[in-house]
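Trainee: Take a look at this one; I'll ask things after.
Read-outs: derived from the displayed coordinates by stated rules, not from any lab. Remember, predicted model here, so these are calculated numbers, not experimental data. Note that each Cβ is placed from the backbone with ideal geometry, even for glycine, and that neighbours are counted across all protein chains shown.
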Ligand SMILES: [Zn+2]
């Protein structure tokens, strides 16, 4: 049921469900782990399980009873979510929560306060939260969600029970993308391989990086040695105006170089480890034409430009230099 839909966090979920089943939930939890791996979803699901009227099995929720329905439409009076207003979580928001906690849970069950992301509290807000943690109200459980625990007060950290969340495996992410976003298998697989274990990142990539345009950019890369200088300059001028696309584009090129390298090392055995899995036939054709030295050189050039772009260098100039340098490398035809 709902908990079973959360992928890759079985250990965290088992510990929480066991605590709920034994009526030993802690007053305050710190959910620690990378962004976009299910921390908030787990907190919300647990909040529902804490209040569900007809759980299908112990420590889960039905999604059909009035408390579950209210929770799903963010209308449950005892499930409180605090998130940044603007850049930070403000002291007034924590005070408002504190006020609500003076009363018993309104719907008669258990109250859940989810603070996400907890590291966005400034000093004043953190101190107000610390007061709540020092004297936790009855029937109330706090869930502090963070990917950066080192940015929280040590006095807050020590008062929470830590639950660790892990990066997800590419197959798990691909499955989520197929199910929740309706992506085709090859697309889901591509974005999942690039996402560094985060569903959130995979979803953002699937919106930012067009799957078909990727092929065009890879073709452009492979044909760079045949491009005229004029064409290179025109492309760089256009790209310099689209800041976000540049890093994505350079990532795509790096991944292509990486796939060529993997294929050269492993041949057809590489199939499962490739990111551009759908372009296997092209990789098979191109990999023998380019040496390891060339690939390493291109990887280094692209990485250097990516680092320099982080330091506000002239984007157009950096891209021109990169493309002209790659042009000098031997051709690898797409
Ligand atoms: Zn329910």
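Trainee: Counting C-alpha atoms alone, how compact is segment 2-166: give Rg to one decimal and Dmax as a whole number, in angstrom.
Mentor: 14.8, 42
Trainee: Enter the angle in degrees (range 0 to 90, nearest 10) between the Cα long axis of helix 199-208 and the first principal axis of the Cα atoms of the chain, meaning the one along which they spread out most.
Mentor: The helix 199-208 is inclined about 50 degrees to the chain.
Trainee: State, to one decimal in nm, how far the label point of residue 155 lies from the label point of residue 185, with both points 7 Å from Cα in the Cβ direction.
Mentor: Inter-label distance under the simple model: 5.6 nm.
Trainee: May I ask you to derive the relative contact order of the chain, considering only C-alpha pairs under 8 Å and at least 6 residues apart, and to give it as an integer percent?
Mentor: This gives 17 percent for the chain.
Trainee: Kindly put 181, 5 in sequence by how many other C-beta atoms sit within 10 Å of each C-beta, fewest to most. Please list the in-between numbers first.
Mentor: Details: 181 15, 5 12.
Lowest count first: 5, 181.
Trainee: Separate question: Measure nothing but the geometry: give the 0 to 90° angle between the long axis through the Cα atoms of 170-181 and the longest principal axis through the Cα atoms of the chain, rounded to 10°.
Mentor: Result, in degrees: 70.
Trainee: Computed FRET efficiency, Cβ-Cβ of residue 291 and residue 85, R0 51 Å: what is it to the nearest 0.05?
Mentor: 0.40
Trainee: Further question: Using label points projected 7 Å from each Cα along Cα→Cβ, tell me how many nm separate residue 53 and residue 215, to one decimal.
Mentor: According to this spin-label approximation, the distance is 5.3 nm.
Trainee: Which of 259, 248 has the fewest other C-beta atoms within 10 Å, and how do the rest follow up to the most? Could you put the intermediate results ahead of the total?
Mentor: Details: 259 24, 248 18.
In increasing order of surrounding Cβ atoms, one gets 248, 259.
Trainee: Next up: Compute the angle between helix 243-266 and the longest alpha-carbon principal axis of the chain, please, reported from 0 to 90 degrees and rounded to the nearest 10.
Mentor: Helix 243-266 sits roughly 70 degrees off the main axis of the chain.
Trainee: Given the Cα-Cα distance of residue 208 and residue 18 and 0.36 nm per residue of separation, how much length would full extension add, in nm?
Mentor: 64.4 nm
Trainee: Along the three principal axes, how long is the chain when you take its alpha carbons, biggest first, rounded to the nearest angstrom?
Mentor: Sorted largest first, the three principal extents are 73, 41, 31 Å.
Trainee: Quick one: if the Förster radius is 41 Å, what FRET efficiency do residue 63 and residue 138 give, using the C-beta to C-beta distance and rounding to 0.05? Spell out each step's value before the answer.
Mentor: Working: r = 27 Å, r/R0 = 0.66.
My answer for the efficiency is 0.90.
Trainee: As a test of the formula, what do you get for the chain when each DSSP H run with n ≥ 4 contributes -39,500 (n - 2.57) and the sum is divided by the residue count, at 222 nm and rounded to the nearest 500 deg cm²/dmol?
Mentor: After summing the helix terms and dividing by residue count, I get -16500 deg cm²/dmol.
Trainee: Working from the pairwise distances between different alpha carbons, so that the mean of 1/r is found and then inverted, what is segment 215-334's Kirkwood radius in Å?
Mentor: 14.6 Å
Trainee: Could you work out how much longer the chain between residue 164 and residue 328 gets when fully extended? Use 0.36 nm per residue separation minus the Cα distance between them, nm to one decimal. Walk me through the numbers before you get to the answer.
Mentor: Values: separation 164, 0.36 × 164 = 59.04 nm, distance 4.77 nm.
Here the answer is 54.3 nm.
Trainee: Stretched out fully, how many nm does the piece from residue 122 to residue 103 gain, at 0.36 nm a residue minus the Cα gap?
Mentor: Additional length available on full extension: 4.3 nm.
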